[in-house]
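Report on the structure given below.
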Amino acid sequence: MSEEAHRRGKKKVRKADPEADPEFQIAPMIDILLVLLVFFMSITSTEVLQSNTDVDLPVAKEAKEPKPIKGGQMIVNILFSPINNATTFEVNEKNPSMNEIAAMLSNEVNRNPQYRVLVRADKQVKYEAIRSLLEAVGRAGVGNVTFSVVDKDAGKPQG
């Protein structure tokens with residue numbers, strides 16, 4: 001009886017049926033694609049939000065493409081209103097004073113000495129406004145300032 005009990009206790013091992021080729025799972029691929037899409041959309045929207053479409057950039061035919069950024073950058077939009085002859089500065093959709101701009105820049109330069117300031121000034125802005133911005137940038141210790149212009153033939157912003 002020991003042989004018979006031994007045979008009953010032993011389970012039969014079934015070989016797996018040969019299956020067809022494994023199917024390609026598309027749902028996980030779509031999930032990954034959507035995550036990447038959201039990531040890249042959020043990254044590009046931060047750059048788009050910083051540049052104001054109300055700024056009428058000056059034309060410069062000899063403009064060059066800017067070098068790639070090694071550190072971060074601050075985009076400063078300088079708007080001019082001919083109605084009240086007023087100049088406003090805009091950084092990240094806020095209107096800071098020159099002292100506030102200098103303080104923000106000095107914090108960034110302390111973290112990254114390669115920090116860059118991109119100035120997008122309206123072509124009607126008076127020189128005194130740009131000079132006051134450049135003085136604040138100099139007080140903060142920023143050594144990399146780029147001006148954004150438009151090539152009239154191409155119609156796209158440079159810098």
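The set of residues in region 102-125 that are touching a strand residue (DSSP E or B) at 6+ places or on another chain (Cβ under 8 Å) and assigned to a loop (DSSP other than H, G, I, E, B) comprises Q114, Y115, D122, K123, Q124, V125. If we scan region 126-140, do we find a residue that is in contact with a Leu (Cβ under 9 Å, 6 or more places away or on another chain), assigned to a loop (DSSP other than H, G, I, E, B) and touching a residue at least 12 places away in the same chain (Cβ under 8 Å)? Checked against the condition, which is being in contact with a Leu (Cβ under 9 Å, 6 or more places away or on another chain), assigned to a loop (DSSP other than H, G, I, E, B) and touching a residue at least 12 places away in the same chain (Cβ under 8 Å), region 126-140 yields no hits at all. Which residue, of P82, P68, is more than 19 Å from the chain's Cα centre (by Cα), at pLDDT below 85 and loosely packed, with under 15 Cβ neighbours inside 10 Å? Exactly one residue qualifies, and that residue is P82.
Entry remark, region 50-61: residues being surrounded by fewer than 15 Cβ atoms within 10 Å (Cβ to Cβ) and either under 18 Å from E108 (Cβ atoms) or modelled with pLDDT of 75 or more (or both) number 2 in total.
Picking from residues in region 135-149 that are of a type in the set (A, V, I, L, M) and farther than 15 Å from I78 by Cβ, the one that is surrounded by the most Cβ atoms within 10 Å (Cβ to Cβ) is V142. Quick check on my filter: what residues within region 92-124 are in contact (Cβ under 8 Å) with a residue 40 or more places away in the chain and surrounded by fewer than 19 Cβ atoms within 10 Å (Cβ to Cβ)? Those that are in contact (Cβ under 8 Å) with a residue 40 or more places away in the chain and surrounded by fewer than 19 Cβ atoms within 10 Å (Cβ to Cβ): N92, E93, N112, P113, Q114, K123, Q124.
The values are calculated or read from the model by the stated rules, or taken from the named source; none is laboratory data. Computed from a predicted structure; not experimentally measured. A quick note on method: Cβ atoms are made from the backbone with ideal geometry, for glycine too, and the neighbour counts reach across all protein chains shown.
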